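Working notes, structure below.
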Amino acid sequence: MGRLPLFPEQASTFAPDVDHLLYYLLAVSVFFTVLIFGAIFYFAIRYRRRSDQELPHVQHGGMVLEILWTVIPFGLTMVMFTWGAKIYFDESRPPVDAVQINVVAKQWMWKLQHMEGKREINELHIPLGRAIRLTMTSEDVIHSFFVPAFRTKQDVVPGKYSTTWFQPTKAGKYHLFCAEYCGTKHSGMIGWIYVMEPQDYANWMRGGATGASLADEGAKLFQDLACGNCHKADNSGRCPSLVGVFGSTVKLSSGGTVKADEAYIRESILQPNAKIVFGYQPVMPTFQGLVTEEGVLQLVEYIKSLGAKPAAAEGAH
Amino acid sequence: MITAAVQEREHYLNASYGIKSWLLTKDHKRIGLLYLATITLFFFLGGAFATLIRVEPLTPQGGLVSSETYNKLFTMHGVAMIFFFLIPSIPATLGNFFLPMMIGARDLAFPRINLLSWYLLVVGGLFALFAMLAGGVDTGWTFYTPYSTTYSNSWVIATALGIFVAGFSSILTGLNFIVTIHRMRAPGMTWFRLPLFVWSMYGTSLIQVLGTPVLAVTIVLLFCERVFQIGIFNPALGGDPVLFQHLFWFYSHPAVYIMILPAMGVISELVSTFSRKPVFGYKFVAFSSMAIAVLGFLVWGHHLFVSTQSVYAGMVFSFLSYFVAIPSAIKVFNWTATLYKGSISYATPMLYAFGFIGLFTIGGLTGLFVASLGIDVHVTDTYFVVAHFHYIMVGGTIMAYLGGVHYWWPKMTGRMYPEIWARLSALIIFLGFNLTFFPQFILGYMGMPRRYHVYPPEFQVLHVLSTAGASVLAVGYAMPMVYFIWSLRYGKLAPANPWGATGLEWKTASPPPLQNFDETPVMTHEAYDYSTVIEEVIEVG
């Protein structure tokens, strides 16, 4: 108590964009508020009723006025639309070289994992100046990943992956809030984003317990779940080889095609019969309940890692 | 008892006595009063929840109630206020009472259905009250899945059924109004002689009839998943949680216009009467009501900008949202222009109308912020949105509702309220409202999420300001309750037309006879022709 903050910090590349749009909206709003309030006060005083017998003149027509106050506001709002849409579009297009981080939300905590294997709960350390891309899902209800200082927010929905990205511009410690009401301890589902100088970040990354990389964890899980029995690298198994699959276009037995992205891999693990690869039988059992959301994300990472390598990656384990 | 003290002549209040004469009445005026009593109860219930919601954030740690209770409080506040107060508010009370009178009819087209619709609201309300007393519901008034269908351990089904039943009340009222407006207009009452309140009720009724069934469907689906585990919304059962949001907002966004369109209608009446001029641009105001009713169905997706809806869908919904903003702007400009060279009275209803225009302007302008994709991503689900929709729903609808109740109170009861107290209440409500909700815009842009029981300490000052405003607001709302009841016995007797208004409802005695008019009125002039009201004329300007 005591401080009266009026404006949030700007700590991402989006923050100034959003704030500039805000200034435009504020300018338009202040103008019309002053106009309407001023007109009401002026008319109310200037034309106050002086006698009970007054009968004002009736004004007829006002077509010019009607057109003016339809067209001018419409023009101003189209600027708001276009400008806002531009920012929104940018927010939906993460750069390809972004640092990838996985987020799994549950009642009432944030679980975050770096590709190198570091895990965090309700805290996220990221390097200054790099674009950060989050792939997010929920284990239970809908949550929402909200960092006010970055001006970004994205719902985290069970059963699917959502993504968001941002590029921090200022080192520091920023609030992470769950913005979608998610039950009893919704207001406790908060955390901190630590934006660190690249050198500090590298030191932080090296320190503490560092597990195997996400792809390696995925490889281990792949082994444990015996996925390799059917998904053989040389394509001799009952199921398609996963080498080079990520990012490719997969032909389906239903006749269509699908781009093999995170969502497709996830679906193929949890609901294998939803899309059958052309030339294969629906023989895979579902892994729903057998593998956690974090496990699925690790498997996805492993399958991604197969794309870059030549065949026979499975043999290594 | 008001009736004993008023004149000897027979009117709708003294035509019959006893509880049965009220509970079995088919008189639209008495049904209007039944609604008035019912929704007033829910208003003060919702207000009690609001008080607790505002007292809690005085400290950031959340010491007054538990998180569980806090979540139930904001849920029940929303349910009581939206489904059992705001949606029925102006249509079911003022509309029920005055729509037939304004078009010169004896009653609504289907008086029995009108009574049935009140009973449906009561039954729905009892379900909701039961849920509240039995332990409450904690899903938020939006019932987002899969929280509401799978994870919440509260009275979701009882509450949802209450809303389901009350929805039919809304549908039947809308249907009744549409038929009445089409079929029961007095001779000479052409469409473009209708008071603008009737136009706005027509638009509202269309939404009620077309939109509310979708809410019913949504509740049935929610019921199927929660009770029978049929997978519709929960991905663990093969459903899609975002589907619920589409269905819910397909009704609930148009429902915003169910709440605000009638308020705009009231304001058109008040601004005209108390500046003694026809509403500027009558046809523009009338058609803007219809435009809002239609366009309101095309913008639901602007509630889903961060929900994983496609980027392109988001752009289309943002674009269309700006279209629906324009008719609202047209109304504000026309009301303001009506004042120009008018004969402006500062009677209480006009003060409420001024308050409405001011607050609705701010509410509408901040709507432009949340319709803009780039801004909305940041402010959605924060206090900014809470402030925005309270400026519309409370600053707009409740100001207009209270303005309307003051305006028509003499007609309804035959008594005048005390003018000084009433003006004071309008002023207190206006100031208290702004102090309550303006800080919430700043809170929201700062990043304070809504529905937070515990919050970081840097937001405390703004929360304290908001709570201080809420206590002023509470005083403002309690005052009319007191002086209206006082006026029933002690208020001055009301003449037939205390304001020099032009509507047909003022051409009959206060309170009106049982049949509304002693003889069927004939409309011989345009709406708002004040030369028919005032004999002695002194021109101004």
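For this structure, a couple of remarks:
- Set side by side, the residues B:Ser310, B:Ser345 differ, and just one is of a type in the set (Ser, Thr, Tyr) and under 23 Å from B:Pro241 (Cβ atoms), which is B:Ser310.
- Of note, A:Ile265 does not satisfy the criterion of being among the β-branched types (Val, Ile, Thr), assigned by TED's automatic domain parsing to the domain that holds A:Gln113 and surrounded by 20 or more Cβ atoms within 10 Å (Cβ to Cβ).
- Considered as a group, the residues in the range A:81-102 that are touching a residue at least 12 places away in the same chain (Cβ under 8 Å), within 14 Å of chain B (Cβ to nearest Cβ) and buried (at least 19 other Cβ atoms within 10 Å of the Cβ) include one that is nearest to B:Leu368 (Cα to Cα), and that residue is A:Gly84.
- The range A:5-43 - residue that is facing another protein chain (nearest Cβ under 8 Å) and surrounded by fewer than 13 Cβ atoms within 10 Å (Cβ to Cβ) and, of those, modelled with the highest pLDDT: A:Phe7
- Exclusive hit being at the interface with another protein chain (Cβ under 10 Å from one of its Cβ atoms) and either of a type outside the set (Val, Ile, Thr) or without any contact (Cβ under 8 Å) to a residue 40 or more places away in the chain (or both), set B:Leu295, B:Leu359, B:Leu304: B:Leu304
- Matching residues in the range B:295-340 - criterion: being small (Gly, Ala, Ser), surrounded by 19 or more Cβ atoms within 10 Å (Cβ to Cβ) and within 30 Å of A:Val141 (Cβ to Cβ): B:Gly296, B:Gly301, B:Ser307, B:Gly314, B:Ser318, B:Ser321
Residue by residue, here is whether (1) surrounded by fewer than 21 Cβ atoms within 10 Å (Cβ to Cβ); (2) within 21 Å of the chain's Cα centre (by Cα); (3) touching a residue at least 40 places away in the same chain (Cβ under 8 Å); (4) closer than 26 Å to B:Ile103 by Cβ holds:
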| site | (1), (2), (3), (4) |
| --- | --- |
| B:Ser152 | no, no, no, no |
| B:Leu172 | no, yes, yes, yes |
| B:Leu175 | yes, yes, yes, yes |
| B:Arg185 | yes, no, yes, yes |
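- If the condition is being assigned to a helix (DSSP H, G or I) and either among the aromatic types (Phe, Trp, Tyr) or surrounded by fewer than 19 Cβ atoms within 10 Å (Cβ to Cβ) (or both), then the range B:443-459 contributes B:Tyr445, B:Pro457, B:Glu458, B:Phe459.
- For the range B:314-333, a residue qualifies if it is more than 8 Å from chain A (Cβ to nearest Cβ) and more than 18 Å from B:Phe369 (Cα to Cα), and exactly one does: B:Lys331.
- Entirely in the range B:5-124, the helices (runs of 4 or more DSSP H) that have 1 or more residues that are among the charged types (D, E, K, R): B:19-23, B:28-55, B:67-81
- A count restricted to the range B:461-493 and to residues that are within 14 Å of chain A (Cβ to nearest Cβ) and surrounded by 19 or more Cβ atoms within 10 Å (Cβ to Cβ) stands at 4.
- Segments classed as helices (runs of 4 or more DSSP H), wholly inside the range B:276-379, with at least 1 members that are under 26 Å from A:Ala39 (Cα atoms): B:282-295, B:311-339, B:348-371
Matching residues to (1) in contact (Cβ under 8 Å) with a residue 12 or more places away in the chain; (2) of a type in the set (D, E, K, R); (3) more than 7 Å from every other protein chain (Cβ to nearest Cβ):
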site	(1), (2), (3)
A:Val147	yes, no, yes
A:Gln154	yes, no, no
A:Gln167	yes, no, yes
A:Gly172	yes, no, yes
A:Leu176	yes, no, yes
A:Tyr181	no, no, no
A:Lys185	yes, yes, no
A:Ile190	yes, no, yes
A:Arg206	no, yes, yes
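- When each of A:Leu214, A:Leu221 is tested for being among the aliphatic types (A, V, I, L, M) and touching a strand residue (DSSP E or B) at 6+ places or on another chain (Cβ under 7 Å), the lone residue that passes is A:Leu214.
- When the strands (runs of 3 or more DSSP E) confined to the range A:52-155 are screened for residues that are under 19 Å from the mean Cα position of the chain (by Cα) and under 26 Å from B:Ser310 (Cα atoms), those reaching at least 3 such residues are found at A:99-106, A:109-114, A:132-138, A:143-147.
- Single residue of the range B:341-354 satisfying the filter (surrounded by fewer than 24 Cβ atoms within 10 Å (Cβ to Cβ) and modelled with pLDDT of 95 or more) that is nearest to the chain's Cα centre (by Cα): B:Ala347
- So A:Glu139, is it free of Cβ contacts under 8 Å to residues at least 24 places away in the same chain and either within 30 Å of B:Phe143 (Cβ to Cβ) or surrounded by fewer than 20 Cβ atoms within 10 Å (Cβ to Cβ) (or both): no
Residue-wise test of (1) at pLDDT 95 or above; (2) hydroxyl-bearing (Ser, Thr, Tyr); (3) closer than 21 Å to B:Met264 by Cα.
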position: B:Gly374; (1), (2), (3): yes, no, no
position: B:Met399; (1), (2), (3): yes, no, yes
position: B:Tyr407; (1), (2), (3): yes, yes, yes
position: B:Leu443; (1), (2), (3): yes, no, no
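- B:Thr532 being of a type in the set (Val, Ile, Thr) and at pLDDT 90 or above: no
- In the set (1) surrounded by fewer than 19 Cβ atoms within 10 Å (Cβ to Cβ); (2) of a type in the set (Val, Ile, Thr); (3) in contact with a Phe, Trp or Tyr (Cβ under 7 Å, 6 or more places away or on another chain), B:Ile207 fails one condition alone, (1).
- Cross-chain or 6+ apart pairs with Cβ under 6 Å, the range B:382-399 first and closer than 16 Å to B:Pro439 by Cα, then of a type in the set (Gly, Ala, Ser): B:Thr382/B:Gly444; B:Tyr383/B:Gly444; B:Phe384/B:Gly444; B:Tyr391/B:Gly363; B:Ile392/B:Gly363; B:Gly395/B:Gly363
- Applying the set (1) buried (at least 24 other Cβ atoms within 10 Å of the Cβ); (2) within 24 Å of B:Leu24 (Cα to Cα); (3) not basic (Lys, Arg) to B:Val137 leaves exactly one unmet item: (2).
- In the range B:25-49, the qualifying residues are those that are more than 16 Å from B:Ser89 (Cβ to Cβ) and buried (at least 19 other Cβ atoms within 10 Å of the Cβ), and the one that is nearest to the other protein chains (Cβ to nearest Cβ) is B:Phe49.
The values are calculated or read from the model by the stated rules, or taken from the named source; none is laboratory data. Since we're looking at a predicted model, the values are computed, not measured. Positions of Cβ are generated from backbone atoms using ideal geometry, with glycine treated the same way; all protein chains shown enter the neighbour counts.
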